[in-house]
Amino acid sequence: MANHVKPNGATANTRCDLGYRTAAEETWRIFRIVSEFVEAVDHLSCLGPAVSVFGSARTKPDNRYYQMAEKFSAKLVERGLAVITGGGPGIMEAANKGAFEAGGTSIGLNIWLPKEQMANPFQTIELDFHYFFIRKVMFVKYAVAFACFPGGYGTLDEFFESITLIQTQKVRPMKIVLIGSDYWRPLTEWIQKTLRDEFKVISPGDDQLFTLTDDIDEALEMICRHASEHPDLAAEPAGPRERSLAAAERITAEGTRVGRPPKHEKAVKRGE
């Protein structure tokens, strides 16, 4: 780090001298991050195939999407799948409730917020996170599919992050199902007309990385078919075929593909 000049003319060698967080605080943050990863992996590594269900925390029990999420999650359990949610109220509660009352594994990945989240009582595995990014890794790492019901910024964030990971081939292709055409259709049409056709900032086919439906039975069948066709989605690769994959196909401990290093312009010009 470059030296900084103090007001009295002396030289400061560290950010701490300028009133930033102490080095010890930053170091302990690293340990907190590691500990959250370790605890989450310890609880979820033997989970088996699971579906992450997203949707608004504001959806009430008398709402049809709450009721659909509850029934959908019960059906997932009946087909041998665990259910993962953010652990809060609304759609998250509905999904956990459906899985819980069906006798299945009902996981809640709760988050610490300035305005605390009220954890729903239908969780058989309950984890608390300080960091959104660790929580988001866990939504992806153990899921064979995402089911997105109507929701706010958080739901949209999870949806767009999942299709980004699939588009860039950073993860093996999960099944992404959007449930509720009255909510999702305007967005999917914007993706097709504006992103794909008008501005051409996505490629043809990128708008097919997700499926829109109003039928939870159709969503269930799509997810179960995808899971059966891609059994390696539910576990770390361990067999001879997986061990012999090229480096770009190898899966890291956090569940993403290793990929290839980026090319740099100077190296390309040198023919490297």
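Observations on the structure shown:
- All conditions in (1) without any contact (Cβ under 8 Å) to a residue 40 or more places away in the chain; (2) in contact with a strand residue (DSSP E or B) (Cβ under 8 Å, 6 or more places away or on another chain); (3) among the basic types (Lys, Arg) hold for ARG135, with the sole exception of (1).
- The stretch 202-221 - residue that is in contact with a strand residue (DSSP E or B) (Cβ under 9 Å, 6 or more places away or on another chain) and without any contact (Cβ under 8 Å) to a residue 12 or more places away in the chain and, of those, surrounded by the fewest Cβ atoms within 10 Å (Cβ to Cβ): ASP215
- Any hit, the stretch 60-83, residues being in contact with a Leu (Cβ under 8 Å, 6 or more places away or on another chain) and in a loop (DSSP other than H, G, I, E, B): yes
- Residue within the stretch 164-183 that is assigned to a loop (DSSP other than H, G, I, E, B) and free of Cβ contacts under 8 Å to residues at least 12 places away in the same chain present: yes
- Residues of the stretch 70-94 satisfying the condition of being more than 18 Å from the chain's Cα centre (by Cα) and among the hydrophobic types (A, V, I, L, M, F, W, C): PHE72, ALA74, LEU76, VAL77, ALA94
- Looking only at the stretch 79-125, and only at residues there that are among the acidic types (Asp, Glu) and touching a helix residue (DSSP H, G or I) at 6+ places or on another chain (Cβ under 9 Å), the one that is nearest to GLU39 (Cα to Cα): GLU93
- Residue within the stretch 22-42 that is at pLDDT 55 or above and not in a helix (DSSP H, G or I) present: yes
- Within the stretch 172-190, restricting attention to residues that are hydrophobic (A, V, I, L, M, F, W, C) and surrounded by fewer than 18 Cβ atoms within 10 Å (Cβ to Cβ), the residue that is farthest from CYS224 (Cα to Cα) is TRP190.
- Taken over the stretch 42-56, the criterion of being over 17 Å from ILE223 (Cα atoms) and crowded, with 20+ Cβ neighbours inside 10 Å is satisfied by LEU44, GLY55, SER56.
- Test: residue in the stretch 88-101 that is assigned to a helix (DSSP H, G or I), under 25 Å from GLY151 (Cα atoms) and touching a residue at least 60 places away in the same chain (Cβ under 8 Å): yes
- Within the stretch 102-141, tally of residues that are assigned to a loop (DSSP other than H, G, I, E, B) and either within 22 Å of LEU233 (Cα to Cα) or not aliphatic (A, V, I, L, M) (or both): 15
- Residue check for VAL144: touching a His at 6+ places or on another chain (Cβ under 8 Å), at pLDDT 95 or above and not in a helix (DSSP H, G or I): yes
- Among the residues of the stretch 102-134, those that are under 24 Å from MET68 (Cβ atoms), under 16 Å from the mean Cα position of the chain (by Cα) and not β-branched (Val, Ile, Thr) comprise GLY108, LEU109, ASN110.
The values are calculated or read from the model by the stated rules, or taken from the named source; none is laboratory data. These numbers come from a predicted model, not from an experiment. Ideal geometry is used to build each Cβ from the backbone, glycine not excepted, and the neighbour counts take in all protein chains shown.
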